[in-house]
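Take a look at the structure set out below.
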Amino acid sequence: MMAVVVEQVHIVYMGERMNQSEQQLVEDSHLDILSRILRSKGAARRSIQYSYKHGFSGFVAVLSQSHAKLIAGISQLCQYESQRNFCVCSGGNSGPYPQTVINTAPWLITVSARTNDREFPSRIIMGNNQTLQGQSLYTGKDLSKFYRIVFGEDIAASDADEKSARSCNSGSLNATLAKGKAILCFQSRSQRSATVAIRIRTVTEVGGAGLIFAQFPTKDVDTSWSKPCVQVDFITGTTILSYMEATRNPVIKFSKTKTVVGQQLSPEVAFFFSRGPSSLSPSVLKPDIAAPGVNILAAWSPASSARLTIHPTWSPAALAFYLTKASLKNEYKQYIWAEGAPHKQADPFDYGGGHVDPNKVTDLGLVYDMKNSEYVRFLCSMGYNSTAISLLAGFPTKCQKSHKFLLNMNLPSIIIPELKQPLTISRTVTNVGPIKSIYTARVVAPIGISINVEPSTLTFSSKRKKIKINVTFSSKLRVQSRF
């Protein structure tokens with residue numbers, strides 16, 4: 001009897017697309033993972049047909065049914081590879097809602113998007129000579145004359161409902177009634193994000209002259225190359241709508257965009273950014289840090305990698321803590337806020353350890369380090385099997401269940417999803433500051449919680465570079481509280 005192995009083409013999905021600068025790293029990891037399954041790099045090269053570069057991270061490969069089942073078990077773990085190469089990822093754009101953050105593995109640096117102090121004001125001049133202000137990145141023509149303005153809801157296409165037209169959803173506007181006019185539209189209260197680009201496209205397709213889009217307050221501004229587009233808040237949008245309803249022939253004129261720096265408080269966590277806690281692993285604080293991610297005019301310098309070369313032998317975990325030395329206040333010594341509905345004072349589920357402050361990473365003192373074996377234990381605790389983890393890790397593993405391991409991972413943060421009984425959690429700190437150093441614990445406990453740290457004073461020397469600490473949490477409440 002002859003066994004016939006049937007091979008087919010499979011698409012292996014391995015998460016969101018990485019940055020262009022990380023593309024070679026991603027392609028190498030695809031080949032490496034496939035090599036471990038097929039037991040040969042040559043076989044992996046022959047099998048792999050294509051590595052996706054744009055829509056997502058993944059590849060196309062010719063695989064047998066057994067190999068396909070095996071790789072299906074580890075494809076979700078692909079980012080384990082990148083922990084060896086210190087990977088930094090976005091936390092996603094599904095904000096401002098909680099429990100939406102992605103890329104939550106503990107070996108990743110998950111970054112929250114924050115605003116800066118740059119804005120792009122653009123005036124809207126109405127026919128009654130009242131001037132309003134929004135933000136715009138349009139720098140084209142068609143700014144020197146008044147346009148008739150119409151409300152999207154009033155020019156709905158015959159096959160679209162008024163609610164859809166009110167938000168300028170795709171295909172919702174009547175081209176005859178929209179042609180040559182400025183159009184006012186409102187973000188729906190149920191829409192998770194404004195996606196202004198879709199509205200600009202809708203207006204362009206029906207021949208509109210420009211768009212005024214009223215939305216939840218945000219400093220994020222979309223670029224419009226084809227038509228004038230001004231983003232305003234709901235108050236400004238309602239003011240324009242009131243003018244339109246009180247005027248027989250309402251008109252508006254767009255104006256040139258300016259760039260203004262230093263006139264608004266920053267940083268703030270961006271409206272669109274996904275928020276923690278992680279729904280997959282709630283005991284791992286995500287995001288880790290916040291960094292500029294709104295209206296960025298970016299450049300790269302070799303100096304940007306200098307700080308990572310200061311400690312070339314440090315593990316990814318130590319380097320991660322190195323980067324998360326951050327600030328919780330702005331330059332005016334005020335606590336950071338988060339854009340949302342409504343605005344609120346930001347917390348660790350918005351910004352992790354805080355906003356990146358390069359000046360603080362030169363004097364760390366203590367770091368929280370982890371070995372690869374701890375990442376393996378994390379994967380075990382998440383329910384992955386030993387075979388899949390062994391293939392990915394590159395060495396044999398045997399999972400042993402430990403219900404407290406996730407809480408005791410040596411992370412620089414402590415997250416307790418459910419505190420019912422007194423709970424003691426351990427961490428080990430490593431001194432990277434002066435050899436002879438003394439540190440004293442300072443506790444600011446959440447309301448309704450008591451915290452005790454043992455030992456409360458850490459004394460390091462040339463012979464004592466690591467110290468284990470125990471932190472005991474007790475709830476003063478008889479009802480279960482939140483995170």
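Numbers for the structure displayed
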{"read-out": "Output for region 400-412, where each listed residue is surrounded by fewer than 17 Cβ atoms within 10 Å (Cβ to Cβ) and either closer than 17 Å to Val453 by Cα or not charged (D, E, K, R) (or both)", "value": "Gln400, Ser402, His403, Phe405"}
{"read-out": "Condition met for Ile336 (touching a Gly at 6+ places or on another chain (Cβ under 9 Å), modelled with pLDDT under 85 and not assigned by TED's automatic domain parsing to the domain that holds Gly433)", "value": "yes"}
{"read-out": "Any hit, region 153-160, residues being of a type outside the set (A, V, I, L, M), closer than 30 Å to Gly92 by Cβ and not assigned by TED's automatic domain parsing to the domain that holds Arg275", "value": "no"}
{"read-out": "Test: residue in region 255-275 that is buried (at least 19 other Cβ atoms within 10 Å of the Cβ), closer than 20 Å to Val150 by Cβ and touching a helix residue (DSSP H, G or I) at 6+ places or on another chain (Cβ under 8 Å)", "value": "no"}
{"read-out": "Residue match in region 424-441 (condition: farther than 30 Å from Ser66 by Cβ, surrounded by 12 or more Cβ atoms within 10 Å (Cβ to Cβ), aromatic (Phe, Trp, Tyr) and outside the structural domain of Val284 (by TED's automatic domain parsing))", "value": "yes"}
{"read-out": "The lone exception for Asn330 - which of (1) touching a His at 6+ places or on another chain (Cβ under 9 Å); (2) of a type outside the set (Phe, Trp, Tyr); (3) closer than 30 Å to Gly433 by Cα; (4) crowded, with 17+ Cβ neighbours inside 10 Å it fails", "value": "(4)"}
{"read-out": "Test: residue in region 113-136 that is surrounded by 24 or more Cβ atoms within 10 Å (Cβ to Cβ) and under 30 Å from Phe378 (Cα atoms)", "value": "yes"}
{"read-out": "Test: Ala105 is small (Gly, Ala, Ser) and assigned by TED's automatic domain parsing to the domain that holds Thr239", "value": "no"}
{"read-out": "Filtered residues of region 414-440 (kept if charged (D, E, K, R) and either part of a loop (DSSP other than H, G, I, E, B) or modelled with pLDDT under 90 (or both))", "value": "Glu418, Lys420, Lys436"}
{"read-out": "Counted residues, region 441-469 - those being among the hydrophobic types (A, V, I, L, M, F, W, C), over 17 Å from Tyr368 (Cβ atoms) and part of a loop (DSSP other than H, G, I, E, B)", "value": "4"}
{"read-out": "Options Leu391, Leu411, Leu406; residue that is over 28 Å from Phe460 (Cα atoms) and not in a strand (DSSP E or B)", "value": "Leu391"}
{"read-out": "Filter result for Ser112 (under 34 Å from the mean Cα position of the chain (by Cα) and assigned to a strand (DSSP E or B))", "value": "yes"}
{"read-out": "Which numbered condition Ser167 misses (of (1) buried (at least 20 other Cβ atoms within 10 Å of the Cβ); (2) over 25 Å from His343 (Cα atoms); (3) within 28 Å of the chain's Cα centre (by Cα))", "value": "(2)"}
{"read-out": "Given (1) in contact (Cβ under 8 Å) with a residue 12 or more places away in the chain; (2) under 15 Å from Leu211 (Cα atoms), index of the condition Leu108 fails", "value": "(2)"}
{"read-out": "Residue under evaluation Ser461, criteria (1) in the same structural domain as Pro348 (by TED's automatic domain parsing); (2) surrounded by fewer than 13 Cβ atoms within 10 Å (Cβ to Cβ), criterion not met", "value": "(1)"}
{"read-out": "Residue in region 220-243 that is at pLDDT 95 or above and either of a type in the set (Gly, Ala, Ser) or in a loop (DSSP other than H, G, I, E, B) (or both) present", "value": "yes"}
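Residues checked against (1) touching a strand residue (DSSP E or B) at 6+ places or on another chain (Cβ under 8 Å); (2) modelled with pLDDT of 75 or more:
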{"residue": "Pro267", "(1), (2)": "yes, yes"}
{"residue": "Phe273", "(1), (2)": "yes, yes"}
{"residue": "Pro316", "(1), (2)": "no, no"}
{"residue": "Gln345", "(1), (2)": "yes, yes"}
{"residue": "Pro348", "(1), (2)": "no, yes"}
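The values are calculated or read from the model by the stated rules, or taken from the named source; none is laboratory data. Because the structure is predicted, anything quoted here is derived from the model rather than measured. Glycine gets a Cβ as well: all are built from the backbone with ideal geometry, and neighbour counts include every protein chain shown.
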